[in-house]
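Written out below as structure tokens is the structure these notes cover.
The values are calculated or read from the model by the stated rules, or taken from the named source; none is laboratory data. Please read all numbers here as calculations on a predicted model, not as lab measurements. A quick note on method: Cβ atoms are made from the backbone with ideal geometry, for glycine too, and the neighbour counts reach across all protein chains shown.
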Amino acid sequence: MTAPERPPTPYALIGAALLAAGRPVTRREVAELLGLPEEAAERAVQAFGEAVEGAGLGFVVEAVAGGYRLVVPPGLAGHLAPLLAPPPLPPLSPAALEVLAVIAYRQPVTRAEIEAMRGGSAGTVVTLQERELVKVVGRSPAVGGPLLYGTTEKFLLEFGLRSLHDLPPLDGSDFSHLLRG
């Protein structure tokens, strides 16, 4: 006779969800999974994260893009380079980073507005779309209905931001031209 199967522990459910989802798991989703209020679910995820980090298992819980995910700590990532494929994309050019900054801080924004703020071409928007860092979020009510661009969840993930509110404030020394308008 086999022993009855025990129900999974909250830590087992949290760990399995964060591992299997392939995306950040929201506080609400964890709450539903555990059958707890959202605040209690958040405390459970924090406790799980502390336990995982304390056990030195090679991954940690990260709060990002409105949810939680398991990530490899930066100190270990270099050791895993031979296992990771495909090779990382080349870094974004300064022009692409500037266009991305304009979109992040001023979204939704049209290509013409980006070009006016930069004083140059916004051709790198295509590259940023291919990397899934920006997307079309609508059309402007202006004549001709130009496309409006905004950042994506992948942008938040790539830059380690929980939300756009985590963008550093503009201090006037960099990107001061973004504040016009």
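Filtered by the rule that a residue be touching a residue at least 60 places away in the same chain (Cβ under 8 Å), closer than 26 Å to GLY67 by Cα and assigned to a helix (DSSP H, G or I), region 107-163 gives GLU153, LEU156, LEU157. Within the bounds of region 54-69, is there any residue that is exposed (fewer than 12 other Cβ atoms within 10 Å of the Cβ), closer than 23 Å to PHE155 by Cα and either over 17 Å from the mean Cα position of the chain (by Cα) or among the acidic types (Asp, Glu) (or both)? Checked region 54-69: no residue is exposed (fewer than 12 other Cβ atoms within 10 Å of the Cβ), closer than 23 Å to PHE155 by Cα and either over 17 Å from the mean Cα position of the chain (by Cα) or among the acidic types (Asp, Glu) (or both).
The single residue among LEU34, LEU19, LEU84 that is touching a residue at least 40 places away in the same chain (Cβ under 8 Å), aliphatic (A, V, I, L, M) and not assigned by TED's automatic domain parsing to the domain that holds SER163 turns out to be LEU19. Considering only residues in region 133-171 that are under 21 Å from GLU113 (Cβ atoms) and among the polar types (S, T, N, Q), the one that is surrounded by the fewest Cβ atoms within 10 Å (Cβ to Cβ) turns out to be SER140.
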